[in-house]
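The values are calculated or read from the model by the stated rules, or taken from the named source; none is laboratory data. Keep in mind it's a predicted model, so treat the numbers as computed, not measured. Because the Cβ atoms are built from the backbone with ideal geometry, glycine has one as well, and the counts that use them run over all protein chains shown. Please note that ligands, DNA and RNA were not included when accessible areas were found on the heavy atoms of the full protein model with its side chains. Shrake-Rupley method; radii C 1.70, N 1.55, O 1.52, S 1.80 Å.
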Amino acid sequence: MTEKQETFAERLARAMAAKGYKQADLIRIAGDRGMKLGKSQVSQYANGKTVPRRPVGEVLADVLGVPAAWLMEGAGEIEPETVSRGTADGVSRPASASQGAGGAAPAAGAHADASATPIIDRTEPRSDTMREIKKSTKLDNVLYDVRGPVVEEAERMEEAGARILKLNIGNPAPFDFRAPEEMVFDMSRQLAECEGYSSAKGLFSARKAIMQYAQLKHIQGVDIDDVYTGNGVSELINLSMLALLDNGDEVLVPSPDYPLWTACVTLAGGTPLHYVCDEQAEWYPDMDDIRKKITSRTKALVIINPNNPTGSLYPREVLQELVDIAREHDLIIFSDEIYDRIVMDGLEHISIASMAPDVFCVTFSGLSKSHMVAGYRIGWMVLSGDKARARDYILGVNMLCNMRMCSNVPAQSIVQTALGGHQSVQSYIVPGGRVYEQREYVYNALNDIPGVTAVKPKAGFYIFPKLDVKKFNITDDEKFALDLLHEKRLLVVHGGGFNWKKPDHFRVVYLPRIEVLGDAMRDLGDFLDHYRQA
Ligand code: PLP
């Protein structure tokens, strides 16, 4: 005869005695760990009237410091929601015979008599045994405030009927920037051929056009295989970091930054090291600060050029210093150049990869901004430099690309149209053009507000003004953004949203027409006229 196996209740009693725990202790400690247990529920486990569901058993085992497998062995293999109700004779019974016959048969050892095994009763309310559904701890340090709590408050206000002017997100379409007609037409013509997946990296025609664009930017040695399309640059930022980083690897990221970079480094397990960009020096990266932050775990240097949120454009000398640092410390360069076609004042954008043919570089761009089609979701990245050394990383990138099948194919189908021929964005960025004139307006209007100063952006459509924190007594920039929202229905993003450490900046998107920007700047001026943070 085999020895009778201990029941769940017996094992629970033994483990509780070993710890000196009472039922109340179990309830309390399990509660601390996110598992809400009821008194009657625990007492039913203790007196053998029922056994817990496996997730509950696992928490109990954890609380008691015993292996879950051992504790739950005593519960048999009763699956899953085993919240049972004692029957009139005080013994739980199987819910149906089929459970005994199938894979979910109660173990004979749990209750020697099959008729005395606990039942699955799906009518019992289970809310007191349900564990809270929590987000992954991988997200604990991830910040993405461009669409964060202040935006949520704005949405709440809109739902309650308020009209909010949103100067928080670089989305051209709501401000009457339309996609070039030719692109819309070409996409509609090709739509029927875009029903299937493309190859994981993208359509040949799109990648060929991107490769030629890289050649025009003097990036050497780019083959069609080095070009990857993505659902916006956003997807590729995430993918490129996921493929690279082990826990604790470090990546140099600018402060202020486009916060997706910091978020994706963090999500991939890496540690972002923020290097300061210097407002006194046209917001160029502070090279000494970069050098100071490099350690043996630093794998890469991110640059955002032209920069969001500052509108800074890096000249050749600045890029040269960055290349020198990358070379010296064996860093990969990730260069986000999504605004490279929105450069004003006759200045030229230089791709850093063109100056570093020996350094492994990943250069990002896309159509969201230059072609006003942020909703189409099309971006790309181009690998250049010492690819042999990056062979293993490239395998990782390819694997992640394959896993997401491909990027949006209709949007890929118009990359060739977009990058070839006339570039309609040109008309926006010269004197008389909307982006240019709006920049002029907002730059002057902000600097006219007492207590506000701003460096003139050279590119993109953002400006990152500074607040005189002493004058306004500002210690919390998110509160400033919330107060402005509540009082003036004006939505901006506080500097902290861009990983800027002091509470003295905010970002304005200058996409709205001048009339609208005029109202916004007047409202901001009125607000700051009296604002003193409590
Ligand atoms: N990089 C920068 C610097 C951006 O400002 C943005 C969007 O605002 C992106 C990447 C994301 O662009 P996409 O629409 O291609 O995902």
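Annotations for the structure displayed:
- Of the strands (runs of 3 or more DSSP E) that lie entirely inside the stretch 327-445, those containing 1 or more residues that are surrounded by 18 or more Cβ atoms within 10 Å (Cβ to Cβ) and charged (D, E, K, R) span 332-336.
- Considering only residues in the stretch 446-455 that are not hydroxyl-bearing (Ser, Thr, Tyr) and not in a loop (DSSP other than H, G, I, E, B), the one that is surrounded by the fewest Cβ atoms within 10 Å (Cβ to Cβ) turns out to be Asp448.
- Considering Phe498, Phe480, Phe461, Phe472, the condition of being more than 28 Å from Gly375 (Cα to Cα), in contact (Cβ under 8 Å) with a residue 40 or more places away in the chain and buried (at least 22 other Cβ atoms within 10 Å of the Cβ) is satisfied by Phe480 alone.
- When the stretch 350-391 is filtered for residues that are closer than 23 Å to Pro457 by Cα and within 13 Å of the ligand (Cβ to nearest atom), the ones remaining, listed by number, are Thr363, Phe364, Ser365, Gly366, Leu367, Ser368, Lys369, Ser370, His371, Met372, Val373, Ala374.
- The set of residues from the stretch 211-241 being touching a residue at least 40 places away in the same chain (Cβ under 8 Å), within 16 Å of the ligand (Cβ to nearest atom) and either over 18 Å from Lys369 (Cβ atoms) or of a type in the set (Gly, Ala, Ser) (or both) comprises Val227, Tyr228, Gly230, Gly232, Ser234, Leu239, Ser240.
- Residue within the stretch 306-324 that is open to solvent by 10 Å² or more (accessible area, probe 1.4 Å), in a loop (DSSP other than H, G, I, E, B) and within 12 Å of the ligand (Cβ to nearest atom) present: no
- Matching residues in the stretch 207-241 - criterion: being in a helix (DSSP H, G or I) and surrounded by fewer than 17 Cβ atoms within 10 Å (Cβ to Cβ): Lys208, Gln212, Gln215, Leu216, Ile224, Asp225
- Of all residues in the stretch 461-500, those satisfying the criterion of being within 16 Å of the ligand (Cβ to nearest atom) and assigned to a helix (DSSP H, G or I) are Gly495, Gly497, Phe498.
- Filtered residues of the stretch 501-520 (kept if assigned to a helix (DSSP H, G or I) and open to solvent by 10 Å² or more (accessible area, probe 1.4 Å)): Ile514, Glu515, Val516, Asp519
- Cross-chain or 6+ apart pairs with Cβ under 6 Å, the stretch 309-323 first and at pLDDT 95 or above, then buried (at least 23 other Cβ atoms within 10 Å of the Cβ) and assigned to a helix (DSSP H, G or I): Pro309/Phe498; Leu319/Ile352
- Helices (runs of 4 or more DSSP H) within the stretch 25-75 that include 3 or more residues more than 18 Å from Gln5 (Cβ to Cβ), of a type in the set (S, T, N, Q) and open to solvent by 10 Å² or more (accessible area, probe 1.4 Å): 39-46
- Look at (1) within 14 Å of the ligand (Cβ to nearest atom); (2) over 21 Å from the mean Cα position of the chain (by Cα) and you find that Asp278 fails only one, number (1).
- Residues located in the stretch 384-404, provided they are over 16 Å from Leu242 (Cβ atoms) and aliphatic (A, V, I, L, M): Ala388
- Whenever a residue of the stretch 270-294 is open to solvent by less than 30 Å² (accessible area, probe 1.4 Å) and charged (D, E, K, R), it has no partner that is part of a strand (DSSP E or B) and modelled with pLDDT under 95 lying with C-beta atoms less than 8 angstrom away and at least six residues away or across chains.
- Pro256 vs. criteria farther than 25 Å from Ala374 by Cβ, buried (at least 18 other Cβ atoms within 10 Å of the Cβ) and within 16 Å of the ligand (Cβ to nearest atom): no
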